[in-house]
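A short write-up of the structure that comes next.
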Amino acid sequence: MAFSAPTANFTPLNTPFLRSHDNTLVSSLSPSPFFGSTAKLRLSSSPNFNLHRRSGSVVAVSEAVKEKKFKSTRNLLITKEEGLELYEDMVLGRAFEDMCAQMYYRGKMFGFVHLYNGQEAVSTGFIKLLKLQDSVVSTYRDHVHALSKGVPARAVMSELFGKTTGCCRGQGGSMHMFSREHNLLGGFAFIGEGIPVATGAAFTSKYKREVLKEADCDHVTLAFFGDGTCNNGQFFECLNMAALWKLPIVFVVENNLWAIGMSHLRSTSDPQIYKKGPAFGMPGVHVDGMDVLKVREVAKDAIARARRGEGPTLVECETYRFRGHSLADPDELRDPDEKARYAMRDPIAALKKYIIENNLASEAELKAIDKKIDEVVEDAVEFADESPVPPRSQLLENVFADPKGFGIGPDGRYRCEDPKFTQGTAHV
Amino acid sequence: MAAIFHGVGAAASLSLSPSNSFDSNKSVFSPRRSFSARKGASFAVVRSEGTVNLNLKGRRAQQLISNAVATTADSIDASSSSKPGHELLLFEALQEGLEEEMERDPRVCVMGEDVGHYGGSYKVTKELAKKFGDLRVLDTPIAENSFTGMGIGAAMTGLRPVVEGMNMGFLLLAFNQISNNCGMLHYTSGGQFTIPIVIRGPGGVGRQLGAEHSQRLESYFQSIPGIQMVACSTPYNAKGLMKAAIRSENPVILFEHVLLYNLKERIPDEDYICNLEEAEMVRPGEHVTILTYSRMRYHVMQAAKTLVNKGYDPEVIDIRSLKPFDLYTIGNSVKKTHRVLIVEECMRTGGIGASLTAAITENFNDYLDAPIVCLSSQDVPTPYAGTLEEVTVVQPAQIVTAVEQLCK
């Protein structure tokens, strides 16, 4: 019932292997390549599933992490450019979050701030494959999703400082990052409530293609959420609807094993979340979320599947957060040994090792990226510091898209026509 | 212009006393899964002649309807056949409004339980799926929270969904999405995403539907910032509000009432909308302002007949916009009559009436000659038994008594 226990030393990044717990499912599969070729995954008969309505495969796959000798064929998963892009994105996420912690303790930001340290491989692995028009929906742990999607670090940092130059004009905060330009649909404080929104965005994509006849509309939506959310009704309801209507969405579970202080194993009857996909008629895949290249391979397939109109996929990424749930969490319940084991699987260190061992780039080039990112983050802080706080006049501005919604006042004029409205002092 | 309130034959007016013969009420309503529509039952025939609101920008374009006086059957027949427009029932008016908007804008779509092939449990979406397809009129699984959230996500990404709650009470399951996302996302995103969604459905106390199917959700939703709430009460304003709600960039909750779907009225053929923020003057008067909405409008008009015969001259306003209140229309009335009676179907505690009382006191206290009287439903889960249910809601006799007290 438990996960495959994390190994003390991380695996080489270039040998993803396919193995399943359930022999009946994948006995017909050859060991490689993993999930990339859907032809190999088309199981025509599967005694466990009622496939009468679908011809495609419905699988649950767990990719075990296996040691294998690195073959010296130049069979690399990424090019140099891709490698550097992934590296830079992960370093940006890490550096940014570390800076957030510093700024929080210096009193520059307040409230609940949830940091993403350790999980960068999931965000980078998935989001860097997307187009600008694809949508991302996140949770309260959304800073790095925003950065990966392309929201400038300045805008995110300003938002955290509550300044008017923030991506949400300072009105959202840490847990509500939105960007219309980059199709980041939030940022949600309650777990699970973003998943229906993501389902809606995927519905729009299908609607545009089939009703509005925008034949080339193949936008995909990614919904990120955690292990705790997978016990929530909205998760299951959306899995059902997405599979039912074959919506172009990928459900990405960032299983970091802990929901604040609640261990995933203590709260879930069947902790193997990927197995819940086939119950609804979609493939469920488990992947090592500390390994950006493995995540990327799975993501490629899942996103391509959605783009082709074949429907959703449930991807469970086994990952870990190096910090507490939020900056207010003393993080006393997690076993230090567990933390140490995962720290050794730091995704950034792993990618760095891969890049250098495979001669994709030199140490100097990577250090240059580190330095560049440091400057970006410093600049973001400076920008945020110097930005103005929202004036009172901003208070009433975005409550309604059409401010007539504030109604008609006793004098017969709309409230929004009151001059004090733009000052933020009107009586509404 | 005569507004005629007329009870038709055996299918007695819905506002009569409890022993009324509701022969049409033989249809059985079983919760959520199957429903036989009340076909052919005419609860009451209301003919009002609002003019076509051609000046869509003007707030006062809708003309006043005067004199709620019962007339004989002859004059009704004579007047209806010679007037322009077409006659239909309230649910057909809603359907017409929805259909016209769907034709006008291909981004308008409908989502809800049994809206497609079944045609809607109250037939508001009848035949629409055949016309527009299964994706535009989407039959959802029974997952209110999620499909409301899906509607919100679709609205954020460019569509204009109309989400139907089969009964307004079911939207309690969608409260998370309505409060957190529908109301707030425009604000927390700094204005980046608009949510032009319409959430609609029948609510209110019906005929012995039991406590859970008789809820008045307007009182629960009214505090949510960022949403508008309107309640329709006639075929004319049902169609007009439906269209205005769909065209609005704000999230709008449209409250319909289970017992009003079979009201018949003649409405204009031309395209028109009803302003979302305005109240409707039903009957101008001098002695007392009666503020009401939805089904209680008919109880009030029934009481108005009695009051007129007793020599009173009540001014009846259907507030229509539950959030925000049209304080201009209401205020002008208060300034004229100096007495206010609110008749609502919400519970006494925390209802629309309670908010309205506060708003009027705050703004027009100087104009009041007497404390505001608010008649609301009892703070009781609506009982199944007909006799008990009847005393849970406000009846015309109580309204008459209240006016008499107020005007002493």
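Below, the figures for the structure above:
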read-out: Residues within segment A:396-428 that are of a type in the set (D, E, K, R), touching an Asp or Glu at 6+ places or on another chain (Cβ under 7 Å) and in a loop (DSSP other than H, G, I, E, B), tallied; value: 1
read-out: Segment A:203-260, residues that are under 22 Å from A:Gly187 (Cα atoms), surrounded by fewer than 23 Cβ atoms within 10 Å (Cβ to Cβ) and charged (D, E, K, R); value: none
read-out: Strands (runs of 3 or more DSSP E) contained in segment B:293-388 and holding at least 2 residues hydroxyl-bearing (Ser, Thr, Tyr) and at pLDDT 95 or above; value: B:373-377
read-out: Residues located in segment B:158-198, provided they are within 26 Å of A:Thr164 (Cα to Cα) and either touching a strand residue (DSSP E or B) at 6+ places or on another chain (Cβ under 9 Å) or among the acidic types (Asp, Glu) (or both); value: B:Cys182, B:Ser189, B:Gln192, B:Pro196
read-out: Residue in segment A:383-393 that is in contact (Cβ under 8 Å) with a residue 12 or more places away in the chain, β-branched (Val, Ile, Thr) and in a helix (DSSP H, G or I) present; value: no
read-out: Qualifying positions in segment B:197-227 - crowded, with 23+ Cβ neighbours inside 10 Å and either within 13 Å of chain A (Cβ to nearest Cβ) or free of Cβ contacts under 8 Å to residues at least 24 places away in the same chain (or both); value: B:Ile197, B:Ile227
read-out: Residue list for segment B:356-396, restricted to those being under 13 Å from B:Val334 (Cα atoms) and either among the charged types (D, E, K, R) or in contact with a Cys (Cβ under 8 Å, 6 or more places away or on another chain) (or both); value: B:Leu356, B:Thr357, B:Glu362, B:Asp366, B:Asp369
read-out: Residue among A:Val399, A:Val381, A:Val377 that alone is within 14 Å of chain B (Cβ to nearest Cβ), under 29 Å from the mean Cα position of the chain (by Cα) and aliphatic (A, V, I, L, M); value: A:Val399
read-out: Residue within segment A:248-268 that is in a helix (DSSP H, G or I), among the aliphatic types (A, V, I, L, M) and more than 30 Å from A:Cys217 (Cβ to Cβ) present; value: yes
read-out: Options B:Ser333, B:Ser355; residue that is within 13 Å of another protein chain (Cβ to nearest Cβ), crowded, with 23+ Cβ neighbours inside 10 Å and on the phi < 0 side of the Ramachandran plot; value: B:Ser333
read-out: Criterion violated by B:Pro202 - all others in (1) in contact with an Asp or Glu (Cβ under 6 Å, 6 or more places away or on another chain); (2) farther than 15 Å from B:Val162 by Cβ satisfied; value: (2)
read-out: Considering residues of segment A:403-428 that are at pLDDT 90 or above and closer than 22 Å to B:Ser189 by Cα only, the residue surrounded by the most Cβ atoms within 10 Å (Cβ to Cβ); value: A:Gly405
read-out: Residue among B:Gly133, B:Gly191 that alone is assigned by the TED database to the domain that holds B:Met102, farther than 22 Å from B:Ile227 by Cα and surrounded by fewer than 24 Cβ atoms within 10 Å (Cβ to Cβ); value: B:Gly133
read-out: The listed residue being buried (at least 24 other Cβ atoms within 10 Å of the Cβ) and touching a residue at least 24 places away in the same chain (Cβ under 8 Å), out of B:Pro314, B:Pro284, B:Pro268; value: B:Pro314
read-out: Subset of segment A:276-309 (residues that are assigned to a helix (DSSP H, G or I), small (Gly, Ala, Ser) and farther than 20 Å from A:Pro248 by Cβ); value: A:Ala279
read-out: Residue that is nearest to the other protein chains (Cβ to nearest Cβ), among those in segment B:279-319 that are out of contact with any helix residue (DSSP H, G or I) (no Cβ under 7 Å at 6 or more places or on another chain) and among the charged types (D, E, K, R); value: B:Arg297
read-out: Helices (runs of 4 or more DSSP H) fully within segment B:84-193 counting 3 or more residues that are more than 9 Å from chain A (Cβ to nearest Cβ), under 24 Å from the mean Cα position of the chain (by Cα) and closer than 22 Å to B:Lys239 by Cβ; value: B:90-104
read-out: Residue check for A:Phe400: under 25 Å from A:His143 (Cβ atoms), surrounded by 13 or more Cβ atoms within 10 Å (Cβ to Cβ) and of a type in the set (A, V, I, L, M, F, W, C); value: no
read-out: Residue tally, condition of a type in the set (A, V, I, L, M, F, W, C) and either touching a residue at least 60 places away in the same chain (Cβ under 8 Å) or outside the structural domain of B:Val334 (by the TED database) (or both), over segment B:355-372; value: 1
read-out: Among the candidates B:Ser121, B:Ser146, residue that is closer than 23 Å to A:Phe203 by Cβ and at pLDDT below 95; value: B:Ser121
read-out: Flag for A:Glu237 being facing chain B (nearest Cβ under 10 Å), of a type in the set (Asp, Glu) and either touching a residue at least 24 places away in the same chain (Cβ under 8 Å) or more than 26 Å from A:Asp331 (Cβ to Cβ) (or both); value: yes
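The values are calculated or read from the model by the stated rules, or taken from the named source; none is laboratory data. Keep in mind that what you see is a predicted model, and the values were worked out from it rather than measured. Cβ sites come from the backbone with ideal geometry, for glycine too, and all protein chains shown count toward neighbours.
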